[in-house]
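The values are calculated or read from the model by the stated rules, or taken from the named source; none is laboratory data. As the structure is a prediction and not an experimental result, all values here were calculated from the model. Neighbour counts run over all protein chains shown; Cβ positions are idealised from the backbone, glycine included. Areas reflect the complete protein model, heavy atoms only, side chains present, ligands, DNA and RNA absent. Shrake-Rupley method; radii C 1.70, N 1.55, O 1.52, S 1.80 Å.
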Amino acid sequence: MSILENFFQDLFNIKSVIMALITIGLIALMMVMTYLVSQRTIRRSRAYTVGVHLIEAAIVIGGVVLLRQTFWALNGGSVADWGYVIAQLIILLFSLYAMQTLAVTLVNLLMPLVFYGQSLYLGSSPRLWWLFVLMLLLLSGVVGYISRHQALALESEWRYLLLQFLYGLAWCVIIWSVLPYHWFYASNVLVIFILYMWIIRVFVTRVNLMIAHFARLSQAANYDELTGVRNRANFDTTTVGVFGVYQRHPAKPITMAMFDIDHFKVFNDEYGHLTGDAVLKHVAQHFNQALTRQTDTGELFRYGGEEFVIIFEDESPSAAETIVTAIRNTLEEHPVHVNGQKLTVTVSVGISALEPADLDFDSWFKRVDHYLYLSKEGGRDRITVEGQTRKF
């Protein structure tokens with residue numbers, strides 16, 4: 001049987017069909033994971049984001065292991081097949097485009113070392129180690145470029161094809177350095193690999209557009225257009241979840257802080273509505289950014305007009321007071337600059353924790369709103385915590 005017949009017999013059979021279906025399933029899983037990550041890491045702590053990225057890397061590693069074990073079972077205890085090689089390279093390279101994280105980049109960089117070490121363990125000769133090192137450097141450069149310039153690589157067809165060629169070539173030579181094979185196999189593997197990745201490029205581009213579209217819809221539905229923080233609709237949805245958490249864990253403190261901008265009508269009347277909008281945006285962004293730096297348990301919402309609400313999960317009223325006071329103090333230190341004018345902004349605040357006696361959200365909300373009213377009646381620029389009003 002000729003080399004050509006052997007190659008196509010290896011590549012196009014029922015085993016390859018099974019491998020292709022598994023590869024498609026893994027690609028679909030990666031895309032779903034990418035969408036979920038884009039939605040859930042927007043306003044999360046660093047620890048949460050790192051955890052999700054590690055899960056992504058685990059999915060890639062799990063995919064490679066699944067491909068290996070599946071082919072091992074189908075091929076009588078061997079993975080020496082080009083169909084398996086192509087499937088593994090597709091998963092590894094696709095993960096770079098779909099999951100733009102350091103963990104996935106490291107997986108791509110470590111896989112050649114794992115392969116080389118395993119080959120030496122199984123008895124391959126290390127005499128071409130220098131060739132492996134050269135190809136590892138080439139592969140590292142390609143992986144590094146894609147991880148930093150994913151969008152740029154996808155936009156340019158010639159750049160994309162060149163990167164796929166270099167990635168595939170590096171892997172083919174790495175394999176050859178410990179498991180020599182006929183050059184005909186490498187050239188055909190490269191062609192088929194590049195063809196598959198070109199098709200995947202179309203798929204990834206379309207899916208990225210779809211994800212971006214859903215992200216815009218989510219932004220419009222859940223975030224205030226002017227200030228960029230969560231809106232009233234998102235607040236209503238969140239409070240339902242808050243009550244669910246409290247019912248399951250009544251000992252876990254949940255605190256609400258409501259604040260509004262002091263004398264906001266003056267900003268609108270004396271300086272115009274554009275200045276009023278600038279003040280709203282300044283206060284919202286200042287609180288949102290400072291809140292992110294200080295805690296991962298607080299969510300800021302624009303309730304309406306100049307009123308904002310913060311929901312603190314797992315924070316007592318005294319802890320919430322400390323956080324809000326610190327943010328308020330830095331707000332006063334950073335005035336709004338509009339048309340050459342420096343406008344100092346202060347806020348009035350009401351804070352209260354959810355209590356067992358609160359049978360519904362309205363009773364809790366009305367109490368917090370009343371505490372805000374006490375702060376304003378007390379002269380503004382004040383904070384009322386569980387009925388006790390004091391000046392900042």
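Here are some notes:
- Against the list (1) under 15 Å from Phe312 (Cα atoms); (2) open to solvent by less than 30 Å² (accessible area, probe 1.4 Å); (3) at pLDDT 85 or above, the condition Arg230 fails is (2).
- Restricting the first member to segment 321-340 and to residues that are closer than 19 Å to Tyr371 by Cβ, and the second to residues that are of a type in the set (Phe, Trp, Tyr), the beta-carbon pairs closer than 6 Å and six or more apart or on different chains are Ile327/Phe287; Arg328/Phe392.
- Residues being under 33 Å from the mean Cα position of the chain (by Cα) and aromatic (Phe, Trp, Tyr) are entirely absent from segment 373-384.
- Tally of residues being under 18 Å from Leu89 (Cβ atoms) and at pLDDT below 90 across segment 117-145: 2
- Only a single item in (1) assigned to a strand (DSSP E or B); (2) open to solvent by less than 60 Å² (accessible area, probe 1.4 Å); (3) modelled with pLDDT under 90 is not met by Asp358, and it is number (1).
- Looking across segment 177-194, the residues that are open to solvent by 50 Å² or more (accessible area, probe 1.4 Å) and closer than 21 Å to Ile91 by Cβ come down to Leu179, Val191.
- Here the condition is being on the phi < 0 side of the Ramachandran plot and within 33 Å of the chain's Cα centre (by Cα); of Leu169, Leu179, it holds for Leu169 alone.
- With respect to the conditions (1) open to solvent by less than 50 Å² (accessible area, probe 1.4 Å); (2) modelled with pLDDT of 90 or more, Thr238 lacks only one, and its number is (2).
- Qualifying positions in segment 247-264 - closer than 24 Å to Arg382 by Cβ, surrounded by fewer than 19 Cβ atoms within 10 Å (Cβ to Cβ) and of a type in the set (A, V, I, L, M, F, W, C): Phe264
- Among residues of segment 95-119, those that are open to solvent by 60 Å² or more (accessible area, probe 1.4 Å) and more than 23 Å from Arg206 (Cβ to Cβ), counted: 6
- In segment 265-284, the residues that are under 15 Å from Glu332 (Cα atoms) and either aromatic (Phe, Trp, Tyr) or open to solvent by less than 10 Å² (accessible area, probe 1.4 Å) (or both): Val279, Leu280, Val283, Ala284
- Of all residues in segment 361-392 being under 17 Å from Ile261 (Cα atoms) and among the aromatic types (Phe, Trp, Tyr), the one that is modelled with the lowest pLDDT: Phe392
- Scanning segment 195-211 for residues that are under 22 Å from the mean Cα position of the chain (by Cα), of a type in the set (A, V, I, L, M, F, W, C) and either open to solvent by less than 40 Å² (accessible area, probe 1.4 Å) or at pLDDT below 70 (or both) yields a count of 4.
- Matching entry among Val385, Val338 (being closer than 20 Å to Leu291 by Cβ and among the β-branched types (Val, Ile, Thr)): Val385
- Evaluation of Glu225 against (1) in a helix (DSSP H, G or I); (2) at pLDDT 80 or above (one fails), failing number: (1)
So that you can scan it fast, the table gives a plain yes or no per residue for (1) among the small types (Gly, Ala, Ser); (2) open to solvent by less than 50 Å² (accessible area, probe 1.4 Å); (3) in a helix (DSSP H, G or I); (4) on the phi > 0 side of the Ramachandran plot:
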site	(1), (2), (3), (4)
His286	no, yes, yes, no
Phe312	no, yes, no, no
Val324	no, yes, yes, no
Glu332	no, no, yes, no
Val345	no, yes, no, no
Asp369	no, no, yes, no
